[in-house]
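Participant: Okay, here's the structure, questions in a sec.
The values are calculated or read from the model by the stated rules, or taken from the named source; none is laboratory data. Remember, it's a predicted structure, so these values are computed and weren't measured experimentally. We place every Cβ from the backbone using ideal geometry, glycine too, and count neighbours over all the protein chains shown.
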Amino acid sequence: MAAADKETHASALRLRSYQDESYLHGFLGTVDDLQKAGVLQDVVLEVEGRRFPCHRLVLSAASPYFRAMFTSDMAESRQKTVVLQGLDAGMFGEILSYIYSGTLHVSLDKVQPLYQAADLLQLDYVRDTCSSYMAINVERSTCVDLYKFADDFSVYIVQKQCLQWIARHFTEFSSDEEFYSLSAKKVTEIISHDELDVKEETTVWEAVVRWVQHSREERLHHLPKILPHIRFNLLTSDDTAAILKHPLVREDPGSSEVIRNNVVQKENTNLKPRLGMTTEMAILCLSSRFRKPKELLFMNPHEGKFIRCRYNLEDMPEFNAMTVTSDNDIFILQVEESEEENKQSLLKYNHAHNVWEQTGVSPIYNGPEDDLYCHWHYLYEVDHILYYILCDPYKDRPLVQVRRYNQNTDQWQECSQLQLLDAVHVSHSAVLPCGPNLYFLSTTETTGTMEVHGYDPSEDKWCKRTTPMISLEICTAVAMETEIFCTDNDFTQTMVYDTESDCWQKLQGWPTPGIFAVHGLPIMFVLENQLHILLRCSSNAQVIYLIYVYDRSADTWRELKANLPNMEYHAWDFSPVARMYLPYLKGT
């Protein structure tokens with residue numbers, strides 16, 4: 001290397017960059033001082049007759065709208081005074097205050113015009129802040145006004161929050177004057193919502209009747225377009241007959257035809273029961289995989305509801321994993337083994353008929369050397385995408401394989417694998433989703449050490465997370481919001497892992513371990529946003545089942561008095577929970 005090159009190379013190695021934090025924070029304050037002092041201003045913006053002296057450079061740096069105005073061949077780029085149309089002078093003053101100070105003042109009385117001004121001037125931060133502010137202020141007095149505004153300006157986050165509020169309070173809301181002020185489009189949008197908290201579909205019909213009768217002459221012609229969004233498949237024949245005889249329907253032949261068409265086709269409808277009609281139920285297998293026929297227990301011990309459903313082998317074949325999606329779809333993986341290949345097919349639960357149906361999704365192929373009954377299988381949804389996870393704990397280096405389903409190609413795509421260290425034999429493990437990621441929790445056989453690995457689908461990458469301070473032979477685990485709860489075989493050590501802070505905390509264990517002996521694996525589940533655990537215990541040579549619910553504020557487990565059927569239960573690392581429409585279950 002030449003001497004000059006060596007000198008340049010050495011100089012480059014000594015190069016360092018420094019950042020003056022006080023300058024960065026003080027620069028905006030200096031600009032604000034210049035504005036207040038009226039110094040170096042080179043343009044005047046006129047809004048509704050009010051004049052605002054400003055700096056072109058500052059405006060251009062803050063807003064793409066002004067940048068385009070002042071750096072193009074537009075006439076405004078050469079004018080000393082620019083008149084702005086479509087803006088409120090008071091709101092523009094607030095916008096200028098933000099541009100020069102970085103501080104935004106928002107209140108209910110000005111959030112909507114402030115959003116409009118920010119939308120026009122392309123100020124993303126102001127627009128997003130106003131959206132968030134409106135969303136957290138949706139309540140009875142503001143809901144309709146914000147709902148209409150969100151619809152006019154396509155503010156999705158506010159529109160969604162308003163719909164959720166209306167759905168939760170539909171029975172009371174549908175009797176308010178504000179409901180009667182809504183357009184036919186918005187009424188249709190509301191009654192199409194799955195999350196309506198109504199016990200009976202007649203509540204929805206009666207709300208529509210009141211809305212039409214509030215302005216009968218103007219609204220009657222909308223009825224045939226609204227009626228298809230009433231779920232006639234959830235009405236009794238007597239309810240339907242009463243609706244057909246209603247004066248509004250008899251007055252409009254088109255409405256009668258719509259109802260009759262919906263009644264005839266109701267067996268084929270995909271319209272789901274409303275949220276208020278369903279009950280959260282934990283799902284447990286009652287019989288082992290080798291017993292026929294199969295049985296499932298749908299249970300909600302808080303409401304004292306325990307419903308057993310029996311299926312023949314052809315109706316519910318052998319399966320390795322079950323999951324419930326955010327849309328309340330229940331899937332299982334059907335096992336099909338042969339000498340040439342092993343594969344698993346995806347079956348979906350038909351709530352209306354209480355049967356399991358083929359989805360038409362491409363099957364998952366496993367190698368012929370894989371024993372599907374010896375490996376650990378998991379099926380989960382993350383951000384509306386299905387993931388299949390296979391863990392082979394018996395290899396010299398245990399392997400966790402992940403595949404994701406691509407709906408566009410109808411293929412299960414290979415994702416990044418997790419290869420554990422040599423000579424690590426996994427004795428206990430659990431895989432489960434929490435937030436946007438998947439987590440693999442495992443206990444090594446030799447040391448009893450518990451490890452946690454997180455899988456980030458957005459980066460297709462595994463990452464080792466913090467190990468708990470105490471050893472835990474993990475038996476069952478379940479996620480709730482951003483936390484993962486787990487316990488051991490005997491329910492003596494219970495831990496919670498916060499996935500956001502990457503921290504572990506020990507929880508209170510079983511309060512009465514000396515009275516009963518635990519037999520079989522405990523089963524955790526989250527029901528009605530509360531942590532539960534099911535134990536199979538023995539006392540005086542008698543087998544009993546106990547269910548406990550965890551009180552987080554008191555750090556205690558409280559027993560639920562639940563009379564479970566005395567059978568052998570089976571679950572995976574936790575029991576999936578779904579919203580069930582009980583008439584569908586009881587009718588089978």
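Participant: With respect to ASP152, is the statement that it is in the same structural domain as CYS54 (by TED's automatic domain parsing), surrounded by fewer than 17 Cβ atoms within 10 Å (Cβ to Cβ) and over 22 Å from ARG51 (Cβ atoms) true?
Facilitator: For ASP152, the condition - in the same structural domain as CYS54 (by TED's automatic domain parsing), surrounded by fewer than 17 Cβ atoms within 10 Å (Cβ to Cβ) and over 22 Å from ARG51 (Cβ atoms) - is not met.
Participant: Now for a different question. Does ILE157 satisfy being part of a helix (DSSP H, G or I), under 22 Å from the mean Cα position of the chain (by Cα) and among the aliphatic types (A, V, I, L, M)?
Facilitator: Criteria met by ILE157.
Participant: Quick check on this structure: which one of GLN419, GLN413 is surrounded by fewer than 19 Cβ atoms within 10 Å (Cβ to Cβ), in the same structural domain as SER501 (by TED's automatic domain parsing) and either modelled with pLDDT of 90 or more or basic (Lys, Arg) (or both)?
Facilitator: GLN413
Participant: If you go through the stretch 497-527 one residue at a time, how many are assigned to a strand (DSSP E or B) and either at pLDDT below 90 or over 21 Å from THR444 (Cβ atoms) (or both)?
Facilitator: 11
Participant: Here's a follow-up. Are any residues in the stretch 434-485 touching a Pro at 6+ places or on another chain (Cβ under 6 Å) and either polar (S, T, N, Q) or surrounded by fewer than 18 Cβ atoms within 10 Å (Cβ to Cβ) (or both), and if so, which ones?
Facilitator: THR476
Participant: Still on this structure: If a residue counts only when it is at pLDDT below 90, among the small types (Gly, Ala, Ser) and outside the structural domain of VAL355 (by TED's automatic domain parsing), which helices (runs of 4 or more DSSP H) contained entirely in the stretch 232-313 have at least 3 such residues?
Facilitator: Helices (runs of 4 or more DSSP H) meeting the threshold: 253-264.
Participant: With the structure loaded, tell me whether THR443 is assigned to a strand (DSSP E or B), farther than 20 Å from ILE533 by Cα and modelled with pLDDT under 90 or whether it fails that test.
Facilitator: yes
Participant: Name the residues in the stretch 514-566 that are on the phi > 0 side of the Ramachandran plot and surrounded by 14 or more Cβ atoms within 10 Å (Cβ to Cβ), would you?
Facilitator: GLY520
Participant: Being surrounded by fewer than 20 Cβ atoms within 10 Å (Cβ to Cβ) and either not in a helix (DSSP H, G or I) or not assigned by TED's automatic domain parsing to the domain that holds ALA61 (or both) narrows it down to one of LEU196, LEU146, LEU220, so name that one.
Facilitator: LEU220
Participant: Also, I was wondering about something else. Could you list all residues from the stretch 19-50 that are loosely packed, with under 11 Cβ neighbours inside 10 Å and at pLDDT 85 or above?
Facilitator: GLY49
Participant: Identify, please: which residue in the stretch 96-110 is modelled with pLDDT of 85 or more and of a type in the set (S, T, N, Q) and is, among those, farthest from the chain's Cα centre (by Cα)?
Facilitator: SER97
Participant: What number of residues within the stretch 120-142 satisfy the criterion of being buried (at least 17 other Cβ atoms within 10 Å of the Cβ), of a type outside the set (A, V, I, L, M), in contact with a Phe, Trp or Tyr (Cβ under 8 Å, 6 or more places away or on another chain) and touching a residue at least 24 places away in the same chain (Cβ under 8 Å)?
Facilitator: Residues flagged as buried (at least 17 other Cβ atoms within 10 Å of the Cβ), of a type outside the set (A, V, I, L, M), in contact with a Phe, Trp or Tyr (Cβ under 8 Å, 6 or more places away or on another chain) and touching a residue at least 24 places away in the same chain (Cβ under 8 Å) within the stretch 120-142 amount to 2.
Participant: Name every residue in the stretch 467-490 that is of a type in the set (S, T, N, Q) and out of contact with any Cys (no Cβ under 7 Å at 6 or more places or on another chain), in order of residue number.
Facilitator: Listed by number, the residues that qualify are THR467, SER471.
Participant: Now, a different point. Those residues that are part of a strand (DSSP E or B) and more than 22 Å from GLN508 (Cα to Cα), I need them from the stretch 539-557; list them, please.
Facilitator: Residues satisfying the conditions are SER539, GLN542, VAL543, ILE544.
Participant: Go through (1) out of contact with any Lys or Arg (no Cβ under 8 Å at 6 or more places or on another chain); (2) surrounded by fewer than 16 Cβ atoms within 10 Å (Cβ to Cβ); (3) of a type outside the set (Val, Ile, Thr) one by one and return the number of the condition LEU235 breaks.
Facilitator: (2)
Participant: Okay, moving on. Within the stretch 314-348, which residues are of a type outside the set (A, V, I, L, M), assigned to a strand (DSSP E or B) and without any contact (Cβ under 8 Å) to a residue 60 or more places away in the chain?
Facilitator: PHE319, ASN320, PHE331, GLN334, GLU336, GLU337, ASN342, LYS343, GLN344, SER345, LYS348
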